[in-house]
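Enquirer: Questions regarding the structure given below will be posed in turn.
What follows draws every value from the coordinates through simple rules; no lab data is involved. Remember, it's a predicted structure, so these values are computed and weren't measured experimentally. Reconstructed Cβ throughout: ideal geometry from the backbone, glycine too, with neighbour counts over all protein chains shown.
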Amino acid sequence: MDKKNLLIVGAGGVARVATFKGAQSGEFKKIVLASRTKSKCDEIARDVKEKLGVEIETAQLDANRKENVVEIIKKYQIDIVSNLALPYQNLPIMHGCIETGTDYLDTALAETEDNPDTYYDLQWALDEEFKKAGAMALLGCGFDPGVTSIMVKYAGEYLLDELEEVDIYDCNFGEHGRPFATNFDPEINLRELNLPGKYWENGEWKVTKPFEIQVKHNYPECGEATSILIWHEELESIVKHFPNLKRARFFMCFSDRYLYHFNALKNVGMFSIEPIEVCPGCKISPLQFLAKVLPDPQELVKNYTGVTNIGVIARGYKNGKRKSYYLYNICDHQKAIGETGAHCVSYTTGVPANIGVKLMARGVWYKPGVHNVEEFDPKPFFEEMERDGLPINIVEIE
Ligand code: NDP
C-alpha cells in the first residue's frame, strides 16, 4: 500500500506528541505541521530532526479559514488531516476536507467561541457530505474522548455479554509546582468544567449543578482521590452507540488546592465568556484574559512529575453472572517528557491521535462518512497502544 501524506494542524503539546509519534512510525510519506504560529511548528520540527533524524515540513495556517485549509491540503497533496488545533477549528477544517476529498481526524468536539455547551450534531450532520466526497472523518480520537470509548467498546465486545454500566475515571496525580494551571488550553478547559454535570441513567440525561456529585475513588496503583461528576463529550457518543446502557458517568479528580483556586476565580466572575470593555474600544472576556495570565500548558513540562491514571469501569453480565472490569492506563510524566518534550496530558492525547491516522492510512479502520472511535474493532487499536507506550491494563474487580 502506498504511504500517505499527513497534515497535522496545531503546534501545542498534543501536536508535538503526534508529530514525534508520526515521525517515529515511519508510516507516512510526508508529514506537514501547520499552525497559526509557524515558529512553533519550526521548533517542533527542529526537535524531531534532532532526536529522530526525520524531516518535518512546516507551514503557516489559519484553520478558521476553510480556503486556507484547502490551499495547504492542495499545496502539499495531503491525504489525511490530523486536527490538533482547538475545537473552534473543527468545522472549517472538516469543510476543507470535504471540498478536497481528504480524510480527517480530531480529538475534541467542535465548539464555537460563544457556546461551550455543544454536541456532536454539528459534526455528525456532515456524514453525507463526507460520504459523497469519498472521505472519512474520525471524531474524538484522543484519550477522553477516544481511548475511553474504545475501552467501553472492548468491554462490550470481548469481556461481557451484556454491558449495563460504565464509569469513566480520569485523574492526574502529577505535580507541576504551580499554584494553579490547566494542562491544556485554559479557555477550553475551564469552559468545560464550568458546565452543569450530566450523566445517563435509565434512558434519560440527569443534570446536576456543577461539581454537585463528588465521590472518593480508588485509582488502581495510585490511591484514593476526590472525583467529581462532570459532563464529558464522549458520554453522548457512547450512549448513542450502546443504546442498552443503563448508566454512563464521567468523573474527574481535583486536588483541594485546585478547587480552592477554581472556586475563588469562579466566584469573582473570571470564567465568564461575555466580553467586557476593559479600556475604550477594547473588549475581552474575563476567561480570555485569565487564559493569558495562567501558565502556558507547555511551560509545565519543566517540573512535571508523577502519573496520570485514566480508565473505565464496565459492569454487566457474562454467562449470566454479574461481572465488573477496570480497564486503565497509567502514564508517567517524566517518561513522556523525556521522549517527546510534552507531559502526559498531551502524550495520552497525541499517541491515540497518531494511532487513529495510522489505522485509517492502513485501511484497518476505514469507512467513508463521519464516525466515532467506538464504531471500530478495538483490538488493533489496543495493540498499537501497547507498542506506542500506553499499554492498557484490564483487571476484574468486585
Ligand atoms: P494548545 O492550546 O497547546 O495548542 C493548540 C494549537 O492550536 C496552538 O498551537 C494554536 O496556535 C493552534 N491554533 C489555534 N487557533 C488556530 C487557528 N485558527 N489556525 C491554526 N492553528 C490554530 O492545545 P493542546 O495541544 O493541549 O490541545 C490540542 C487539542 O487537543 C485541543 O482541541 C484540545 O481540546 C484537545 N485535547 C483532547 C484531549 C483528549 O483526551 N481527547 C485531551 C487534551 C486536549 P498558537 O500556537 O498560535 O496559539
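Enquirer: Does the range 1-80 come out rounded, prolate or oblate by the C-alpha gyration tensor, with a ≥ b ≥ c the root eigenvalues, rounded set by a/c under 1.5 and, if not, prolate when a/b is larger than b/c and oblate if not?
Expert: oblate
Enquirer: Okay, moving on. Arrange the following residues from fewest to most other Cβ atoms within 10 Å of their Cβ: 360, 270, 385.
Expert: The fewest-first ordering by Cβ neighbours comes to 270, 385, 360.
Enquirer: If we restrict to alpha carbons, what Rg and Dmax does the range 353-398 come to, in Å?
Expert: According to the Cα coordinates of the range 353-398, Rg and Dmax are 12.3, 41 Å.
Enquirer: Could you run the Karplus curve 6.51 cos²θ - 1.76 cosθ + 1.60 with θ = phi - 60° over the range 320-337 and give me ³J(HN,Hα) per residue in whole Hz, x for Gly and Pro?
Expert: Karplus-based 3J(HN,Hα) across the range 320-337 equals x, 9, 5, 9, 9, 10, 10, 10, 8, 10, 10, 10, 9, 4, 5, 5, 5, 5 Hz.
Enquirer: Which of 237, 324 has the fewest other C-beta atoms within 10 Å, and how do the rest follow up to the most? If you can, show how the numbers build up before the last one.
Expert: On the way: 237 23, 324 18.
Ordered from fewest to most neighbouring Cβ atoms within 10 Å, 237, 324 come out as 324, 237.
Enquirer: Determine the percent antiparallel among the DSSP beta bridges restricted to the chain, to the nearest 5.
Expert: Of the beta bridges lying entirely in the chain, close to 60 percent run antiparallel.
Enquirer: Give me Rg/Rg_expected for the range 171-230, where Rg uses Cα atoms only and Rg_expected = 2.2 N^0.38 Å with N residues.
Expert: 1.34
Enquirer: Shape verdict for the chain, please, from the Cα gyration tensor: rounded (a/c under 1.5), prolate (a/b greater than b/c) or oblate.
Expert: Judged from the Cα gyration tensor, the chain comes out rounded (a/c under 1.5).
Enquirer: For the range 147-342, taking Cα atoms only, what is the radius of gyration to one decimal and the Dmax to the nearest whole Å?
Expert: Expressed in Å, the Cα Rg and Dmax of the range 147-342 come to 18.8, 70.
Enquirer: A further question on this structure: Would you mind ranking 215, 54, 278, 345 so that the residue whose beta carbon has the fewest other beta carbons within 10 Å leads the list? Before the final figure, lay out the partial values.
Expert: Details: 215 14, 54 17, 278 10, 345 28.
Exposure proxy ranking, most exposed first: 278, 215, 54, 345.
Enquirer: Straight-line reach from residue 321: which lysines fall under 25 Å, measuring Cα to Cα and dropping same-chain residues less than 8 apart?
Expert: Correct list for residue 321: 153, 246, 379.
Enquirer: Another question, then. Under 16 Å between alpha carbons, and skipping anything fewer than 8 positions from residue 40 in its own chain: which lysines qualify?
Expert: Partners within reach: 49.
Enquirer: Follow-up question, since we're still on this one. For the range 256-342, just say rounded, prolate or oblate: build the C-alpha gyration tensor, square-root its eigenvalues into a ≥ b ≥ c, call rounded for a/c under 1.5, and beyond that prolate if a/b exceeds b/c, oblate if not.
Expert: It comes out oblate by the Cα gyration axes.
Enquirer: Select from the range 17-75 those trypsin sites (Lys or Arg not before Pro) which occupy a DSSP coil region and have at most 15 other Cβ atoms within 10 Å, ordered by residue number.
Expert: 65
Enquirer: Next question, about the same structure. On a straight-distance basis, which lysines could pair with residue 266 in a cross-link, Cα separation under 29 angstrom, same-chain partners fewer than 8 positions away excluded?
Expert: Answer for residue 266, where 29 Å is the Cα cut-off: 198, 206, 209, 216, 283, 292, 302, listed by chain and number.
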